[in-house]
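What follows is a short report on a single structure.
The values are calculated or read from the model by the stated rules, or taken from the named source; none is laboratory data. What you see is a predicted model, and the numbers here were worked out from it, not measured in a lab. Ideal geometry is used to build each Cβ from the backbone, glycine not excepted, and the neighbour counts take in all protein chains shown. Just the protein is used for accessible areas: all its heavy atoms, side chains included, with ligands, DNA and RNA removed. Shrake-Rupley method; radii C 1.70, N 1.55, O 1.52, S 1.80 Å.
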Amino acid sequence: MNFLQKLIDDIYIPKEAPYFEALGAALYGLDNDVKPITSFEDIFYDKESSFVFHRPLAEFTDKVIFKTMERGKARDGDDCIVGLDVGSTTTKAVILRVSDNRILGSVYLYTLGNPIKASKECYKELIRQVPERINIIGLGTTGSGRHIAGLHALTEGVFNEIVAHATAAVYFDPEVDTIFEIGGQDAKYTYIVNKVPSDYAMNEACSAGTGSFIEESAYETLGIKVTDIEQIAMKGNKPPNFNDQCAAFISSDIKTASHENISKENIVAGLVYSVCLNYVNRVKGSRPIGRKIFMQGGVCYNKAIPRAMAALTGQQIVVPPEPGLMGAFGVALEVKEKINLGLLAKKNFDLKELSEREVTYKKPFICPGGAEKCDLKCSVNLIQIENKTYPFGGACNKYYSINKKIKVNPNEFDFVKKRQFLMFEKYAKGNSQLTNESSQLKVKKKIGLNLSFTIHSLYPLFYNFFTKLGFEVILPDKVDDDGLEREMTSFCYPAQLSLCLFQDLVKKKPDYYFVPNILEMHVDKEEHYRIDNNATCVFVITEPYFLKEAFQDVDFEGKWISPKFNFAPGYESEYKKFVEVAHQLGIRDEKLINEAIETAIQKQHESQKDRVEIGNEFLKFLEANPDKYAVVLLGRAYNTFADTANKGIPQKFASKGIYVIPYDMLNYKGIELDGEMYWEAGKKIMKS
């Protein structure tokens, strides 16, 4: 108030200001003839609660299975691996014996905003618990602080927590397909297929469905310690439904519940339900729940929480042994597997030396952006460890895991780039000649193709057809964001790209626009397969229609070439359609038209054959080099192989020395499908 009075001359602060609310309540009572209080009982009145209620948590005790595991006793000479899970709230660590995967020691402590200090404290405690002379041959880190902890330990074993938790869950039950994981300040959903995480989601900025939420709400509002929550909540017989309240408002609901004379036990049980409600509504959302659900994270030490989750989902919940250590245990298993596969080298880690290892922070620098031409200007720390200085930090992972030095030629590893070279250069150059009809023109006519959808699979076909006829084929050069202004409804990202690329193509003012309507594509037929359709996506089929509608201000009269193709039987089946296109372009030389069609089909077949031959040679290379491995990139060509859409994923693999190969370089001809698939691209992906 003193500060405001210095700034504002005419501010008035009445002497009643400290008790305005109470004064207002009294004045309201006088003005509204509130019933006078003649006895103590008159203070209270009966009415229905403002809340609806959940069933008691005790009713769901049999819906949760709490697994246990026997720990091991360390022996001198044991080969072991340390797993370190550095979270935003807590840091966990385990020592895993390689021979039998037994946990020999574990630590669970608060991070307190200092991941390196927390890591060092973990090392000290592990030494105290396991004084035997064991050999630490690997060290893995996970959690939000995994990069800085990994740098401090000078380890290459840095893994994200999705992988770590999935690995731990699958270890205890290979049939697990769903993981609910709730940590101190984040919550994650993971869906597992064939023991591999295939989908995941995390909470956003809100921490309502996390451990810190219930801990802070119970203590700050009710004075209840986190260790007492389970015991109190399990006594509640009518927990109020606080919904998935934000932490900023839950205290108000708790006060309301107290005013309604709801017991402390029921309020705490309502808080437990609230954590799980937030998770179900905001993290899992509409994502599927499988047949076997694991619930992990430190909150599961409070057994009331998985019981609330069972109540809300109607599913049986399995809590693995040591649920709070699953990240640390899982990352230790990951390091063990990578060592066995030869992807990580054994290395001796001294826990005493790690617990005493100091770091020195030097003056940070501003990242120049480099080849990526990034303009974020991130401040990057310089950290000195054992007389060596490492850059660390920034918005991207450029300076993470910097101790894993890899110098590779990305072009050697990027087979997506090789595919694009075949598609847009090797089999899409030359063949251009002036036709009899166009020879009198000084400049060849230009025909524009949008660099979208099936063009990423059929470019050699169309390019060679048009150039053989004497036309110059032009493509858009960039994604012009002005095209988004023409979006008429909610489009998928590839359809949005189609608009933006076509926007750039229009600016080039070609003489003709070739926008084919492609209904189906060719897929090798299986005798027993019940679905004959090889349909393209609905947006692929309708691209000519939505583009023409979106660009009504462009004069396409006499310029719009949009044939309907069905390539399911093969390219040859649409011979007549190509003839019609040539006639639309004013070409009447039947011999030239036939040559153009035959050349186009031949080049398309050659490009596909060349792709598969390169793939076959690469597979032979992998078989001859057991230490090498590759990632197959699956997805529609216009998403996965186009640099306008794939977010640089192929380059990210290749820059780390990992071979990445497109699925359509694999020879999946003759592979039988035992399911049902309507879409052409889906069939090819499943076959590969």
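Just so you know, in region 40-59 the residues that are surrounded by 10 or more Cβ atoms within 10 Å (Cβ to Cβ) and either farther than 30 Å from ILE317 by Cβ or of a type in the set (Gly, Ala, Ser) (or both) include one that is modelled with the highest pLDDT, and it is ALA58.
GLY558 fulfils the conditions (1) touching a residue at least 40 places away in the same chain (Cβ under 8 Å); (2) small (Gly, Ala, Ser); (3) assigned to a loop (DSSP other than H, G, I, E, B) except for a single criterion, (1). For GLU356, the conditions (1) in contact with a strand residue (DSSP E or B) (Cβ under 9 Å, 6 or more places away or on another chain); (2) under 18 Å from ALA149 (Cα atoms); (3) surrounded by 11 or more Cβ atoms within 10 Å (Cβ to Cβ) all hold with the exception of (1). For region 119-164, which positions are among the hydrophobic types (A, V, I, L, M, F, W, C), closer than 18 Å to GLY183 by Cα and open to solvent by 10 Å² or more (accessible area, probe 1.4 Å)? Within region 119-164, PHE159, ILE162, VAL163 meet the criteria.
Across region 659-678, the number of residues qualifying as open to solvent by 30 Å² or more (accessible area, probe 1.4 Å) and more than 19 Å from GLN608 (Cβ to Cβ) comes to 5.
Scanning region 119-158 for residues being modelled with pLDDT of 95 or more, over 15 Å from GLU353 (Cα atoms) and either of a type in the set (Asp, Glu) or part of a helix (DSSP H, G or I) (or both) gives a total of 2.
Kindly provide the set of residues from region 286-310 that are farther than 22 Å from GLU322 by Cα, open to solvent by 30 Å² or more (accessible area, probe 1.4 Å) and not charged (D, E, K, R), ordered by number. Within region 286-310, SER286, PRO288, ILE289 qualify. The single condition among (1) closer than 30 Å to THR227 by Cβ; (2) of a type outside the set (Gly, Ala, Ser); (3) in contact with a strand residue (DSSP E or B) (Cβ under 9 Å, 6 or more places away or on another chain) that ASP350 does not meet is (1).
Only residues that are under 21 Å from TYR427 (Cα atoms), in a helix (DSSP H, G or I) and among the hydrophobic types (A, V, I, L, M, F, W, C): list them for region 561-580, please. Break it down stepwise before answering.
We begin by selecting, within region 561-580, every residue under 21 Å from TYR427 (Cα atoms); these are 567, 570-572, 574-575, 578.
Narrowing further to those that are in a helix (DSSP H, G or I): 571-572, 574-575, 578.
Of everything in region 561-580, just one residue is under 21 Å from TYR427 (Cα atoms), in a helix (DSSP H, G or I) and among the hydrophobic types (A, V, I, L, M, F, W, C), namely PHE578.
Taking the criterion of being out of contact with any Leu (no Cβ under 9 Å at 6 or more places or on another chain), surrounded by fewer than 14 Cβ atoms within 10 Å (Cβ to Cβ), closer than 30 Å to LYS338 by Cβ and polar (S, T, N, Q), would at least one residue in region 616-634 satisfy it? Yes - at least one qualifying residue is present in region 616-634. Does LYS417 qualify as being at pLDDT 85 or above, basic (Lys, Arg) and either open to solvent by less than 30 Å² (accessible area, probe 1.4 Å) or under 30 Å from GLU520 (Cβ atoms) (or both)? The answer is yes for LYS417. Restricting ILE11, ILE37, ILE116 to residues that are surrounded by 16 or more Cβ atoms within 10 Å (Cβ to Cβ) and either of a type outside the set (S, T, N, Q) or within 32 Å of the chain's Cα centre (by Cα) (or both) narrows the list to ILE116.
From the residues in region 542-600 that are among the small types (Gly, Ala, Ser) and at negative phi, which one is surrounded by the most Cβ atoms within 10 Å (Cβ to Cβ)? Top of the filtered list is ALA596.
On inspection, VAL176 passes the criterion of being part of a loop (DSSP other than H, G, I, E, B) and surrounded by 20 or more Cβ atoms within 10 Å (Cβ to Cβ). For region 159-169, the set of residues classified as assigned to a helix (DSSP H, G or I) and either among the polar types (S, T, N, Q) or out of contact with any helix residue (DSSP H, G or I) (no Cβ under 9 Å at 6 or more places or on another chain) (or both) consists of ILE162, THR167, listed by residue number. Within region 235-252, the set of residues being in a loop (DSSP other than H, G, I, E, B) and either more than 36 Å from the chain's Cα centre (by Cα) or modelled with pLDDT under 85 (or both) comprises LYS235, GLY236, ASN237, LYS238, ASN243, ASP244, GLN245, CYS246.
For residues in region 447-482 being touching a Cys at 6+ places or on another chain (Cβ under 9 Å) and either in contact (Cβ under 8 Å) with a residue 24 or more places away in the chain or not in a helix (DSSP H, G or I) (or both), which is nearest to ALA681 (Cα to Cα)? Step through it out loud before you land on a result.
Of all residues in region 447-482, those touching a Cys at 6+ places or on another chain (Cβ under 9 Å) come to 453, 476, 478-482.
Checking the rest, the ones that are also either in contact (Cβ under 8 Å) with a residue 24 or more places away in the chain or not in a helix (DSSP H, G or I) (or both) come to 453, 476, 478-480.
Numbers: PHE453: 11, PRO476: 24, LYS478: 25, VAL479: 24, ASP480: 27 Å.
The qualifying residue nearest to ALA681 (Cα to Cα) is PHE453.
Give region 498-517 a look and list any residue that's of a type in the set (A, V, I, L, M) and open to solvent by less than 10 Å² (accessible area, probe 1.4 Å), or say none. Lay out the reasoning, then the answer.
Residues of region 498-517 that are of a type in the set (A, V, I, L, M), as a first pass: 499, 501, 505-506, 515.
Result: LEU499, LEU501, LEU505, VAL515.
Applying the criterion of at least 2 residues that are of a type in the set (Asp, Glu) to the helices (runs of 4 or more DSSP H) found wholly in region 304-413 leaves 326-340, 351-356.
Assess whether ASP85 counts as being open to solvent by 30 Å² or more (accessible area, probe 1.4 Å) and in contact (Cβ under 8 Å) with a residue 40 or more places away in the chain. Criteria not met by ASP85. Within region 654-686, the residues that satisfy the criterion of being aromatic (Phe, Trp, Tyr) and touching a helix residue (DSSP H, G or I) at 6+ places or on another chain (Cβ under 7 Å) are TYR659, TYR663, TYR668. Of everything in region 93-104 that's open to solvent by less than 30 Å² (accessible area, probe 1.4 Å) and out of contact with any Cys (no Cβ under 9 Å at 6 or more places or on another chain), which residue is farthest from ILE127 (Cα to Cα)? Once the filter is applied, the top-ranked residue is ASN101. Just give me the residues in region 277-292 being under 17 Å from PRO197 (Cα atoms) and out of contact with any Asp or Glu (no Cβ under 8 Å at 6 or more places or on another chain), in sequence order. Residues satisfying the conditions are VAL283, LYS284, PRO288, ILE289.
Here is a list: ASN194, ASN241. Which entry is at positive phi and open to solvent by 10 Å² or more (accessible area, probe 1.4 Å)? I'd like the intermediate steps shown before the answer.
Details: ASN241 fails: at positive phi.
Exactly one of ASN194, ASN241 is at positive phi and open to solvent by 10 Å² or more (accessible area, probe 1.4 Å), namely ASN194.
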